[in-house]
Amino acid sequence: MRILWVKVGGLWPLTAGGRLRSFHLLSELSQRHRVTVLTTHGLGDDPQGLVSALPQCERVVSIPHAASKLGSAHFAATLVRSWLSPFPVDFWRWQVPALSQLVTSTIDAGGMDLCVADFLVSTPNVPLPGPVPTVLFAHNVEHMIWKRLSQVDRPVWERVGLGVEWRKVRRWEARVSAQTHLTLAVSDVDRAVLAELAGGARVRAIPTGVDPVYFAPNGKSEAPAELVFTGSMDWYPNEDAMVHFIDATLPAIRREIPEARLTIVGRNPTDRLRAAAAAAGVRVTGTVHDVRPYVSTAAVYVVPLRIGGGTRLKIFEALAMGKAVVSTRVGAEGLPLEPEVHFLLADEPAQFARAVVSLLRDPGRRKALALAGRRLIEERFSWAQVAREFEAHCLEVVPTTTQQQNQREGSARPCA
């Protein structure tokens, strides 16, 4: 296949779960198909590094674009524009005219068999419906993230505004899923939600993957009371999770195990998080080039998410490294994991604290969870296997569309 892959928000360096998923699939697909990548980059991104990291792609083009940030004058103007339209604010934040023109001209030049819109926010830059089959690669059910944002503790006026926003996102998500030839979700849970949302749309699921060679146990000794969390700390669900954990869960853990320590690893930690961490004696690393040293020395990997969608690559990475994991239901949502076998499930702060304490006090239980998690990753969830499933679903729409086009052309020819 000749694949046109469109993504906004950057791809390199690999500092977020969505980038990791997209990059590894592109790397695998480009070994068997002719792939063109059109994307954007912001401050701190490395477009030339992306070109070097994807040498087998036919073409990689990145356009500079910095989406307006919450609190900025530009964001306020974008928000007002959103209020005056049926589209949510992210639709306007991620419209990139230069990218849209490049996508259109590339498709109009002919030869493309498939266009992949990577994340819902990329779709304002892709013609829908278009002249070639289009796949929406839905890393999340986006409206569920906005809906959950509206349900956590926040001022009434914010909840009202977010209530309007998540409903707009839901309509946009349904519209795009109906207009594309295929929507690929990252879990069966997401697939079911999107299929119901856009009745009649073709929705399939692929699993989340991980590199079991890169993320592997390294033999380093665990610090017996060390907890760790990894993730982009400028993504609100991660920030919310860790601030809430520090306030509501960590004190209960330390009442039982006073020496318990927490390290938060991830880029761009907010001032709110840094303040909460400093007050509680929690280490915040900021951006690191490699999360593995921090994960390897931890006794327990915590995922106390209250908001989110899609699936969390961080859990698979921790399992691949042989770590015992404690997660909320939202954190583990969509992953084919069995509680008490692959991880411990806990939602409320007191329950979460008890689960963490039980593991810190029981090395044998930690080891059993670690072995089961690592075995699951090795058997089922390498990126090569995930890419094969992605490829197979894409092939469902390409031959069908081509055959229909050939039939229309045949029927249009005059009889001899």
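For the chain, what does the accessible surface come to per residue with a 1.4 Å probe? Please give it in Å².
On the way: 18020 Å² over 416 residues.
The answer is 43 Å² per residue.
Under 21 Å Cα-Cα from Lys147, which lysines qualify once same-chain neighbours fewer than 8 residues away are excluded?
Lys69, Lys168
Using 7 Å Cα-to-Cβ label points, what is the Asp188/Leu14 separation (nm, one decimal)?
2.8 nm
Measuring from label point to label point, each 7 Å out along Cα→Cβ, what is the Asp234 to Arg375 span in nm?
4.2 nm
Quick one: which residues, 5 or more positions from Trp12 or on another chain, have an amide H under 5 Å from its amide H? H modelled 1.01 Å from N in the peptide plane, none for Pro or chain starts.
Hits under the 5 Å cutoff: Asp46.
Between segment 159-206 and segment 286-330, how far is it from one alpha carbon centroid to the other, in angstrom?
So the separation of the two Cα centres works out to 26 Å.
Once the piece of chain linking Arg167 and Arg283 is laid out straight, how much longer is it, given 0.36 nm per residue of separation minus the C-alpha distance between them?
My answer for the length gained is 38.0 nm.
Normalised by the number of residues in the chain, what is the relative contact order in percent for Cα pairs under 8 Å and 6+ residues apart?
Relative contact order for the chain comes out at 14 percent.
Return the calculated 222 nm mean residue ellipticity for the chain, to the nearest 500 deg cm²/dmol, obtained by summing -39500 (n - 2.57) across DSSP H runs with n ≥ 4 and dividing by the residue count.
For the chain, the value works out to -14500 deg cm²/dmol.
Using a 1.4 angstrom probe on heavy atoms only, work out the carbon and sulfur share of the accessible area of the chain in %. Don't jump to the answer; show the numbers that get you there.
On the way: 9700 of 18020 Å².
Answer for the chain is 54 percent, counting heavy atoms of protein chains only.
Which ³J(HN,Hα) values, rounded to whole Hz and listed in residue order, are derived for segment 339-346 from phi using the Karplus coefficients 6.51, -1.76 and 1.60 in 6.51 cos²θ - 1.76 cosθ + 1.60 with θ = phi - 60°, glycine and proline given as x?
For segment 339-346, the Karplus-derived couplings read x, 6, 10, 9, 6, 9, 9, 7 Hz, x marking Gly and Pro.
If you average the sequence gap of Cα pairs under 8 Å that are 6 or more apart and divide by the length of segment 234-354, what percent do you get for the contact order?
Averaging sequence separation for qualifying contacts and normalising by length gives 26 percent for segment 234-354.
Ratio of Rg to Rh for the chain, alpha carbon only, Kirkwood?
0.99
The values are calculated or read from the model by the stated rules, or taken from the named source; none is laboratory data. Just so we're clear, the structure is a prediction, and the values are computed from it rather than from any experiment. Please note: Cβ atoms are built from the backbone with ideal geometry, for glycine as well, and neighbour counts cover all protein chains shown. When the accessible area is computed, the model is the full protein with side chains, heavy atoms only, and any ligands, DNA or RNA have been set aside. Shrake-Rupley method; radii C 1.70, N 1.55, O 1.52, S 1.80 Å.
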